[in-house]
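The values are calculated or read from the model by the stated rules, or taken from the named source; none is laboratory data. On a predicted model such as this, the values are computed, not experimentally measured, just so you know. Reconstructed Cβ throughout: ideal geometry from the backbone, glycine too, with neighbour counts over all protein chains shown. These area figures cover heavy atoms from the full protein model, side chains too; ligands, DNA and RNA do not enter into them. Shrake-Rupley method; radii C 1.70, N 1.55, O 1.52, S 1.80 Å.
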Amino acid sequence: MEVRLVIFDLDGVVVNTDEFHFMAWEQVLLNKWGICHTRGAEDLTKGIPRYTCMELLAKHYHIAATPQELHRTADEKNTVYQELLRTILSQQQIMPGIMETLQLLQEHNIPIALASSSHSAAFILEKLGLNFDFCVDPDSVTHGKPAPDIYLAAASHFGLPPEACVGVEDAASGIASIRAAGMFCVGIGMPALEGGADATVSSTDQLPGVFASLLGLPPFLNWFTGFSVALTFPSSLTTQTTTRRLSHMAGFFRDQATVKELLEQGIDPIIYEFHELAAPKHPGDVSFGLTTLYPGNIGEECFMTKGHFHQILETGEVYYTLQGSGLLLTEHTDGTVRWFPLVPGSATYAAKGFAHRMVNTGDKPLICFFAYRADAGHDYNTIGLSGLQKRVFRRGNRIEIESANVRAKGEIQ
Ligand code: F6R
Ligand code: MN
């Protein structure tokens with residue numbers, strides 16, 4: 001979709017006012033009825049108008065009071081809440097990831113609007129120095145959330161159809177409101193999962209990642225709190241791509257006459273490409289990505305990757321085959337050779353201490369996902385100089401695995 005407007009809920013999305021609501025209820029319940037308010041009871045009140053909250057709390061704490069008295073107490077709670085906003089609200093209450101999200105949208109000239117039912121919204125935004133392009137006045141809409149009115153009012157202010165808008169919410173009624181408006185819904189937390197949001201995150205600090213992906217930007221990779229990323233191939237979303245052509249690995253194939261002939265004729269096919277996220281080179285991080293090894297052969301020898309040991313020899317690596325067919329040739333420093341079929345749906349473990357090389361034995365691109373410790377490093381020289389013990393050839397319809405020295409008597413492999 002082309003995102004042309006992003007509409008945010010306020011409480012629990014842009015600003016964390018939960019603690020202020022809790023403190024306000026705590027104060028009036030204690031003053032009035034000597035009740036010690038609990039977090040569990042507070043949970044009953046989330047995202048609910050204050051008079052309804054008061055009724056729920058009266059029931060929960062067995063408060064005997066007239067409707068008028070409850071009404072008055074709810075207003076008192078609101079006075080305390082307003083006072084807390086005036087005195088202690090600060091930028092510390094801005095939810096994590098929100099500043100980065102707003103900045104990302106502003107950099108891409110996407111207007112931001114606020115659709116909050118709170119009458120304190122304008123005050124809060126001003127106090128926090130947050131500039132939204134438009135705030136819907138909650139009194140200007142007939143039906144509150146979960147009706148779609150407030151989100152539709154924001155879209156119509158900009159003259160935009162709902163399909164061009166994204167709404168961001170944490171509460172069930174807000175998620176229902178966005179969905180009823182026919183907008184793309186980004187939801188935070190359990191209500192989003194339950195309410196069928198289009199994209200769900202567990203915390204607002206994941207919002208920059210969601211919007212980066214919606215805007216087609218490189219992924220926002222948070223190696224400290226985690227991330228989820230679309231990993232498709234070919235992919236514009238990955239950050240490091242390596243392309244290896246025949247000329248980059250000319251010495252790796254046995255049929256040197258053919259290699260020379262091809263390169264002299266200017267024929268330099270792409271043998272494989274891999275896309276890897278730029279993981280920090282830290283022992284606890286995991287580097288992962290996709291390799292596509294194209295079908296073909298040089299002379300009779302199947303296309304293959306260079307292959308390598310890891311500099312940290314004690315590194316295992318997982319390959320998961322998504323498409324195509326081939327082999328993973330592995331070889332231990334002690335000379336042990338093991339090879340494994342690479343077929344879609346299979347996970348292959350290249351054990352620690354084994355060099356590994358993919359070989360495409362089929363007629364389609366062989367695509368594998370791989371993952372290994374991010375600081376492992378790559379040693380290409382050992383294999384580059386002495387090769388692996390096995391080579392793979394296509395002869396007619398047959399695939400043959402040969403010991404490297406069977407045919408090439410005396411040649412350096
Ligand atoms: C990483 C790994 C794979 C390969 C990739 C290309 O440790 O095993 O990601 O790097 O398949 O192969 P090489 O690195 O051998 O050129
Ligand atoms: Mn590896």
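Note on the range 347-370: residues that are open to solvent by less than 40 Å² (accessible area, probe 1.4 Å) and either of a type in the set (D, E, K, R) or modelled with pLDDT under 95 (or both) total 1.
So, in the range 348-383, of the ones that are near ligand 1 (Cβ under 9 Å from one of its atoms) and hydroxyl-bearing (Ser, Thr, Tyr), which residue ends up farthest from Ile271 (Cα to Cα)? For the range 348-383, the residue satisfying everything is Tyr372. Within the range 143-187, count every residue that is open to solvent by less than 10 Å² (accessible area, probe 1.4 Å) and closer than 18 Å to Gln206 by Cβ. Total meeting the criteria: 10. Looking at Leu207, Leu217 in this structure, which one is of a type outside the set (Val, Ile, Thr) and surrounded by fewer than 17 Cβ atoms within 10 Å (Cβ to Cβ)? Being of a type outside the set (Val, Ile, Thr) and surrounded by fewer than 17 Cβ atoms within 10 Å (Cβ to Cβ) holds for just one of Leu207, Leu217, which is Leu217.
Please verify whether Gln256 is more than 24 Å from the chain's Cα centre (by Cα), surrounded by fewer than 17 Cβ atoms within 10 Å (Cβ to Cβ), within 12 Å of ligand 2 (Cβ to nearest atom) and closer than 20 Å to Gly387 by Cβ, treating the condition exactly as stated.
No.
The residue that is modelled with the highest pLDDT, counting only those in the range 270-323 that are within 13 Å of ligand 1 (Cβ to nearest atom), out of contact with any helix residue (DSSP H, G or I) (no Cβ under 6 Å at 6 or more places or on another chain) and small (Gly, Ala, Ser), is Gly316. Of the residues making up the range 338-355, at least one is within 11 Å of ligand 2 (Cβ to nearest atom), closer than 18 Å to Ala404 by Cβ and under 32 Å from the mean Cα position of the chain (by Cα).
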